[in-house]
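Worksheet for the structure shown next.
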Amino acid sequence: MTQPSPENSSSASPTTCLSDLLAIMSRLRGPDGCPWDREQTSQSLKPHLLEETYEVLEAIDAGKPSALKEELGDLLLQIMFHTQIASEHNQFSFNDVARGLAEKLIRRHPHVFQQTTDASPVPTAQDVSRQWDRLKQQEQATQPGPQSLLQGIPKIAPALQRAFQVQKRASRAGFDWETIEPALEKFKEELNELYAAAAESIPSSSEGTLRPENPTVQNTIEEELGDVFFALVNVSRFLRVNPEEALRRATNKFISRFHFVESQAALEGKDLRDYTLPQLDKWWDAAKHLERQAPQTSESIKGATT
């Protein structure tokens, strides 16, 4: 294989670049390739695929095109890896994956690629989503076994995101409230049930500790807490807020403020444990004040450690 020339890579055609990548991956997995690469399987690569996906999301949030370009390359490497392994077992190739995707995109966008005089109009993105679901359901109907509108949502997906997708699909099928008010009432109902279940573990006095764990009570609390999360996800859907993204941003905000508190303690040469909670709360409030002054730095407050 001729090694690609770096100085010519920017002017190379997409086909040439893709061919080079496929050849490189084949070489790495070959007898004279890299021992680590040869040892990998689709199962062993799962953590790397997830890690690279998260790094792509971080690059998007950072707003740095150069970082996004690099992380997308790392994610593409994982796709190359899996297709190369499958090709070695005569299962499918990268070309099969690309061809299948192209055919699906054309099939699921008849309003773009198969325009006819009797075609149903799809003027909005919501219409397109409904059409996509309908066509997908038609394709699934040709497959053996029971069919469901909720089919295909990965069980391994993050719980909040999975709940969000389940509720979106159910809503498209008409299984939904018309307004947000019933969703809010359902959330309140589930929260009250959680309070009632948790009361079994919360002492009536101010002992400061929970009662000894009771497996039956803990299972009930877990179930009620799950119902609270699920109901809250439904509220977020009515508010057009992705719950996974909202929680991610809230977590980042907490981390940024916590870093600020740590930095203030470090300036005094002390550990956080040397302060009372009211003292730490003052720095926490100061971090919130800085965020209000400069909203654009809310995820990285000046003075915070990294």
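For D271 and K155, what is the calculated FRET efficiency with R₀ set at 35 Å and r taken between the beta-carbons, to the nearest 0.05?
0.25
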**Message:** Taking the alpha-carbon distance from K270 and a cut-off under 21 Å, which lysines remain once sequence neighbours fewer than 8 residues away in the same chain are dropped?
**Reply:** K282, K302
**Asked** Counting only the heavy atoms of the protein chains, how much of F113 is accessible to a 1.4 Å probe, in Å² to the nearest 10?
**Response** 120 Å²
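For N95 and E139, compute 0.36 nm times the residue count separating them, minus their Cα-Cα distance, and round to one decimal in nm. Walk me through the numbers before you get to the answer.
Values: separation 44, 0.36 × 44 = 15.84 nm, distance 2.18 nm.
That works out to 13.7 nm of additional length.
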**Item:** Two-site label geometry, V241 and E39: point separation in nm, points 7 Å out along Cα→Cβ
**Value:** 4.6 nm
**Request:** Go ahead and set up a Gaussian network model of the chain, Cα springs under 10 Å, then flag whichever of L267, L191, L75 fluctuates most.
**Result:** L267
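Give, as a single signed number, the net charge of other residues whose beta carbon lies under 9 Å from the beta carbon of I153, with Lys and Arg counted +1 and Asp and Glu -1. Walk me through the intermediate numbers first.
Details: positive: K155, R162, R169; negative: none.
Once positives and negatives cancel, what remains is +3.
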**Complete:** Lys and Arg at +1, Asp and Glu at -1: neighbours of E70 with Cβ under 11 Å from its Cβ sum to -2
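Which shape class, rounded, prolate or oblate, goes with the chain when its Cα gyration tensor gives a ≥ b ≥ c as root eigenvalues, a/c under 1.5 marks rounded, and past that a/b bigger than b/c marks prolate? Numbers along the way, then the final one.
Details: a/c = 1.93, a/b = 1.31, b/c = 1.47.
Since a/c reaches 1.5 but b/c is at least a/b, the shape of the chain is classed as oblate.
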**Item:** Percent RCO, i.e. relative contact order, over the chain, from Cα pairs under 8 Å lying at least 6 residues apart
**Value:** 10 percent
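Tell me, what % of the accessible area of the chain is carbon and sulfur with a 1.4 angstrom probe? Before the final figure, lay out the partial values.
Details: 12280 of 21560 Å².
Within the chain, the accessible surface is 57 percent carbon and sulfur.
In Å², what does the accessible area per residue of region 12-74 work out to with a 1.4 Å probe? Kindly include the intermediate steps, with their values, before the conclusion.
On the way: 4280 Å² over 63 residues.
Using a 1.4 Å probe on heavy atoms only, each residue of region 12-74 averages 68 Å².
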**Asked** Any idea what log10 I(q)/I(0) is at q = 0.14, 0.19, 0.23 Å⁻¹ for region 8-113, Debye with uniform C-alpha scatterers and no solvent?
**Response** -0.71, -1.16, -1.28
**Complete:** Pseudo-spin-label distance K69 to A12, built 7 Å along Cα→Cβ, given in nm, is 1.5 nm
**Message:** With the crude spin-label approximation of a point 7 Å out along Cα→Cβ, what separation in nm comes out for I106 versus Q293?
**Reply:** 6.0 nm
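Which is the longest stretch in the chain that no exposed loop site breaks, taking sites as trypsin sites (Lys or Arg not before Pro) with a DSSP loop state and at most 13 other Cβ atoms within 10 Å? Walk me through the intermediate numbers first.
On the way: sites that count: K155, R240, K270, K302.
Longest run free of exposed loop sites: 1-154.
The values are calculated or read from the model by the stated rules, or taken from the named source; none is laboratory data. The structure displayed is predicted, hence computed values, not measured ones. Every residue, glycine as well, gets a Cβ built from its backbone with ideal geometry; the counts of neighbours run over all protein chains shown. Note: accessible area is taken over every heavy atom of the protein model, side chains too, but ligands, DNA and RNA are not part of it. Shrake-Rupley method; radii C 1.70, N 1.55, O 1.52, S 1.80 Å.
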